[in-house]
1. I'm trying to understand the selection: among the residues of segment 1-18, which are within 29 Å of residue 30 (Cα to Cα) and either in contact (Cβ under 8 Å) with a residue 40 or more places away in the chain or in contact with a helix residue (DSSP H, G or I) (Cβ under 7 Å, 6 or more places away or on another chain) (or both)?
2. Which ones in segment 20-48 are surrounded by 14 or more Cβ atoms within 10 Å (Cβ to Cβ) and in a loop (DSSP other than H, G, I, E, B)?
3. When only residues in segment 62-79 that are in contact with a helix residue (DSSP H, G or I) (Cβ under 7 Å, 6 or more places away or on another chain) and not in a loop (DSSP other than H, G, I, E, B) count, which is surrounded by the most Cβ atoms within 10 Å (Cβ to Cβ)?
4. With 51, 59 as the choices, which residue is farther than 17 Å from residue 77 by Cα, modelled with pLDDT under 95 and in a helix (DSSP H, G or I)?
């Protein structure tokens, strides 16, 4: 089975998007994770291990469609 998480992210310019990542959590099978940034240009990153937000940013290099900044996203603070 695959589990998917979504977390709001924001560029330094204020443009918002979403970090979406899925992982294989099926018992007795190989571990993998797949990451992408909705609302930003970039693509996907897949690993046979685990990755955090910084690792996914480094691999994908998301580009902000609003200001053109590359890799300048963080998780949005919860209010």
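1. 7, 8, 9
2. Within segment 20-48, 32, 39, 40, 42 qualify.
3. Among residues in segment 62-79 that are in contact with a helix residue (DSSP H, G or I) (Cβ under 7 Å, 6 or more places away or on another chain) and not in a loop (DSSP other than H, G, I, E, B), the one surrounded by the most Cβ atoms within 10 Å (Cβ to Cβ) is 73.
4. 59
The values are calculated or read from the model by the stated rules, or taken from the named source; none is laboratory data. Just so we're clear, the structure is a prediction, and the values are computed from it rather than from any experiment. Every residue, glycine among them, receives a Cβ derived from its backbone with ideal geometry; neighbour counts consider all protein chains shown.
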